[in-house]
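Visitor: Attaching a single structure in structure tokens format; questions to follow.
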Amino acid sequence: MNLQDAWTFNLAGSYDFGFMKTYLATQYFKDARDAGSVLDYVGFFDEDSVFNNNEGDVKFNKGAVANTGYGVHLSTAFDVLGGTMKAGIGYMDADIDYANDGQVADSKVYTAAFGYEYSLSKCTLVYTGLGYTKRELDANYEGVTGSWEEEGYDFALGLVHKF
């Protein structure tokens, strides 16, 4: 694997329909690193950063070195019951080139989020939200394949006060 400088191209826009605002963001990335690859490189995930193929005899390193692909995110915000409802969905598809020569993978990530914020005063608001992420990874190393999948759920509840 030949490490190159990472670069991204981003394009985003929004439109106000009057009763709701819609946002669309896209990104193309080449040779991008993720936090997992940096931590794995310095040895933080030595044992936990592997997964086995279906036969259990080959381990694939999940700490990616270079990701090339694209992402798309669509979201909306609209007024409901005196507050603002927000919802969004996203998708990412990337080809991953690992530090181990010949080890490659295809990654797909799906996201969804839903939230609500309500102003208690000019300076204070309360918010809550739910999020979902699903990541699928199909890897190949010297003809042996393996798959890995994870799902995550988030919940947030908070209070913001501006001074």
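Visitor: In the stretch 128-163, which residues are among the aromatic types (Phe, Trp, Tyr), over 18 Å from Gly115 (Cβ atoms) and touching a strand residue (DSSP E or B) at 6+ places or on another chain (Cβ under 8 Å)? If you could, list the steps in order and put the result at the bottom.
Guide: Of all residues in the stretch 128-163, those among the aromatic types (Phe, Trp, Tyr) come to 132, 141, 148, 153, 155, 163.
From the residues that got through so far, the ones that are over 18 Å from Gly115 (Cβ atoms) too are 141, 148, 163.
Result: Tyr141, Trp148.
Visitor: I would also like to ask the following. From the set of residues in the stretch 1-46 that are hydroxyl-bearing (Ser, Thr, Tyr) and in a strand (DSSP E or B), which is modelled with the lowest pLDDT? Working first, answer last.
Guide: Looking only at the stretch 1-46, we keep the residues that are hydroxyl-bearing (Ser, Thr, Tyr), and these are 8, 14-15, 22-23, 26, 28, 37, 41.
After this cut, where a residue has to be in a strand (DSSP E or B) as well, the list is 8, 14-15, 22-23, 26, 28.
Details: Thr8: 90, Ser14: 98, Tyr15: 98, Thr22: 98, Tyr23: 98, Thr26: 97, Tyr28: 95.
Ranking the candidates gives Thr8 first.
Visitor: Is at least one residue of the stretch 117-124 more than 14 Å from the chain's Cα centre (by Cα), closer than 28 Å to Tyr70 by Cβ and touching a residue at least 40 places away in the same chain (Cβ under 8 Å)? Step through it out loud before you land on a result.
Guide: Here is the first cut: in the stretch 117-124, the ones more than 14 Å from the chain's Cα centre (by Cα) are 117-124.
The next check asks that each one be closer than 28 Å to Tyr70 by Cβ; those that pass are none.
No, because not a single residue in the stretch 117-124 is more than 14 Å from the chain's Cα centre (by Cα), closer than 28 Å to Tyr70 by Cβ and touching a residue at least 40 places away in the same chain (Cβ under 8 Å).
Visitor: Just checking, how many residues over the stretch 3-27 are of a type in the set (A, V, I, L, M, F, W, C), free of Cβ contacts under 8 Å to residues at least 24 places away in the same chain and over 24 Å from Val80 (Cα atoms)? Show your work before the answer.
Guide: Here is the first cut: in the stretch 3-27, the ones of a type in the set (A, V, I, L, M, F, W, C) are 3, 6-7, 9, 11-12, 17, 19-20, 24-25.
Filter once more, so that each one left must be free of Cβ contacts under 8 Å to residues at least 24 places away in the same chain: 9, 11-12, 17.
When the remaining residues are screened for being over 24 Å from Val80 (Cα atoms), the result is 9, 11-12.
Within the stretch 3-27, residues that are of a type in the set (A, V, I, L, M, F, W, C), free of Cβ contacts under 8 Å to residues at least 24 places away in the same chain and over 24 Å from Val80 (Cα atoms) number 3.
Visitor: A further question on this structure: May I ask you to verify whether Leu157 is modelled with pLDDT of 90 or more and over 16 Å from the mean Cα position of the chain (by Cα)?
Guide: Answer is yes for this residue.
Visitor: Something else about it: List pairs: first in the stretch 131-146 and free of Cβ contacts under 8 Å to residues at least 24 places away in the same chain and at positive phi, second among the acidic types (Asp, Glu) and surrounded by fewer than 15 Cβ atoms within 10 Å (Cβ to Cβ), Cβ under 9 Å, 6+ apart or cross-chain?
Guide: none
Visitor: List the strands (runs of 3 or more DSSP E) that sit entirely inside the stretch 47-149 and contain at least 1 residues that are modelled with pLDDT of 80 or more.
Guide: In the stretch 47-149, the matching strands (runs of 3 or more DSSP E) lie at 66-80, 83-97, 103-119, 124-141.
The values are calculated or read from the model by the stated rules, or taken from the named source; none is laboratory data. Just so we're clear, the structure is a prediction, and the values are computed from it rather than from any experiment. As a convention, Cβ positions derive from the backbone with ideal geometry for all residues, glycine included, and neighbour counts pool all protein chains shown.
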